[in-house]
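Q: The structure is given below, and queries will be raised subsequently.
Every read-out reported here was derived from the displayed coordinates using simple, explicitly stated rules and does not represent laboratory data. Nothing here was measured: the structure is a model prediction, and the numbers come from that model. Here the Cβ is made from the backbone with ideal geometry for all residues, glycine too, and neighbour counts use every protein chain on show.
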Amino acid sequence: MTITDQTRTTTAPILELDDIGKRYGNVHALRGVNIRVRKGEVTCVLGDNGAGKSTLIKIIAGLHDYTEGSMKLDGEETHFASPRVAQSSGIATVYQDLALAPLMSVWRNFFLGNEIRKGVGLDIDEMKKVAGEELTKMGIVIPDLDRPVSALSGGQRQVIAIARAIYFGANVVILDEPTAALGVKQSGVVLKYILKMRDAGLGVIFITHNPHHAYLVGNHFVILKLGRVVLDAHRDELTLEQLTGEMAGGQELAELSHELAGADPGKVVPPAPDGAADVVAPTLAADARAELLEEEQDESL
């Protein structure tokens with residue numbers, strides 16, 4: 001037995017999903033989903049749009065209840081009545097839109113909804129101190145905590161949301177497509193902090209559609225397709241190429257390649273003779289165009 005196998009068998013899962021299913025009327029959004037989340041492990045859940053990732057997040061985060069199967073937290077079956085209950089139970093969700101207030105300062109966003117009070121007012125000095133310390137622990141230094149969050153990079157905003165989740169007692173952190181809207185460098189920043197969370201002993205659920213990002217940080221990989229699990233494997237059981245192939249849909253990709261086998265990717269289609277076009281773009285009449293320009297000028301005043 002390898003060290004990885006020993007760790008896997010001796011470490012009890014923090015969160016267990018057994019045959020989880022979710023129905024919306026006659027629509028079966030999830031069927032028979034099994035996931036184990038352990039401390040110090042990054043579980044990557046991959047899938048295209050419509051695979052069921054969002055439904056899975058909502059169930060774990062307490063937004064929706066499951067209709068089939070069971071969910072256990074620290075070995076006890078549980079149903080979260082609301083996101084607040086899930087959060088108080090140690091489940092923190094960092095959504096793609098981050099739930100940050102762009103015009104508010106860094107420290108206000110860090111304590112948003114959990115402000116420290118001093119008498120009848122806010123203890124601003126203490127909140128700034130704590131926010132600065134917690135962000136420094138994550139390896140990010142923001143000299144001016146009074147600056148609005150909108151002035152920060154996308155990667156820095158993600159780190160603020162992650163650090164906030166950890167500070168307020170998260171044992172399991174769900175990251176909803178944290179790198180989807182980021183460039184290469186900023187994505188690297190977020191992936192680095194995912195490893196920091198893992199090394200701090202948290203259980204991390206990394207939701208993504210990018211197998212390359214997942215393979216850089218993941219220990220366990222689950223691929224959803226049409227609400228079902230089509231792959232459930234540990235890192236030592238598959239390669240990046242296999243993960244990418246499964247994510248792309250190996251059989252579907254092979255069929256597509258067969259269909260396009262006769263295509264010439266280097267082919268350049270010559271323009272239609274005499275300037276004729278196969279597709280004619282719609283155009284506005286002169287009076288309609290003038291009216292539109294006049295409306296735009298009025299709106300700009």
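Q: Taking other Cβ within 10 Å of each residue's Cβ, how do V45, V268 sort, fewest first?
A: Result, fewest neighbours first: V268, V45.
Q: In deg cm²/dmol and to the nearest 500, what is the mean residue ellipticity at 222 nm of the chain if only DSSP H runs of at least 4 residues count, each as -39500 (n - 2.57), divided by the residue total? It would help to have the intermediate numbers written out before the result.
A: On the way: 11 runs with 113 residues, N = 301.
Mean residue ellipticity, 222 nm, calculated: -11000 deg cm²/dmol.
Q: So for the chain, averaging the separation of alpha carbon pairs under 8 Å that are six or more residues apart and normalising by length, what relative contact order in percent results? Could you put the intermediate results ahead of the total?
A: Details: 464 pairs, mean separation 68.9, N = 301.
Once normalised by length, the contact order is 23 percent.
Q: Along the stretch 201-217, what does the Karplus equation 6.51 cos²θ - 1.76 cosθ + 1.60 (θ = phi - 60°) give for ³J(HN,Hα), rounded to whole Hz, x for Gly and Pro?
A: Once rounded to whole Hz, the list reads x, 8, x, 10, 10, 9, 8, 7, 10, 10, x, 5, 5, 4, 6, 5, 10.
Q: Rank-order 75-82, 13-20, 134-141 by packing density, defined as the average count of other C-beta atoms within 10 Å over each peptide's residues, highest first.
A: Numbers: 75-82: 12.0, 13-20: 19.4, 134-141: 15.1.
The packing order, highest mean first, is 13-20, 134-141, 75-82.
Q: Convert each backbone phi in the stretch 16-28 into a coupling constant with the Karplus relation 6.51 cos²θ - 1.76 cosθ + 1.60 (shift: θ = phi - 60°), then list the ³J(HN,Hα) values in order as whole Hz, x for Gly and Pro.
A: For the stretch 16-28, the Karplus curve yields 10, 10, 10, 6, 5, x, 9, 10, 10, x, 8, 8, 9 Hz.
Q: With label points built 7 Å along Cα→Cβ from the Cα atoms of K137 and A151, find their separation and express it in nm.
A: 2.6
Q: In terms of modelled amide H atoms, which long-range or inter-chain residues lie less than 5 Å from the amide H of E41?
A: HN-HN under 5 Å from E41: V204.
Q: Can I ask one more? Would you kindly derive the ³J(HN,Hα) couplings of the stretch 65-76 from the backbone phi angles with the Karplus curve 6.51 cos²θ - 1.76 cosθ + 1.60 (θ = phi - 60°), listing them in order in whole Hz, with x for Gly and Pro?
A: Once θ is set to phi - 60°, the couplings for the stretch 65-76 become 9, 7, 10, 9, x, 8, 10, 10, 10, 6, x, 10 Hz.
Q: Run the numbers on the stretch 1-120 and let me know its relative contact order in percent, using alpha-carbon pairs under 8 Å that are six or more apart. Before the final figure, lay out the partial values.
A: Details: 140 pairs, mean separation 26.9, N = 120.
The normalised contact order for the stretch 1-120 reaches 22 percent.
Q: Of the listed values (i) 28, 22, 18; (ii) 39, 21, 15; (iii) 38, 32, 20, grab the one calculated as semi-axes √(5λ) of the Cα gyration tensor in Å from the structure here.
A: Computing semi-axes √(5λ) of the Cα gyration tensor in Å and matching it to (i) 28, 22, 18; (ii) 39, 21, 15; (iii) 38, 32, 20 gives (iii).
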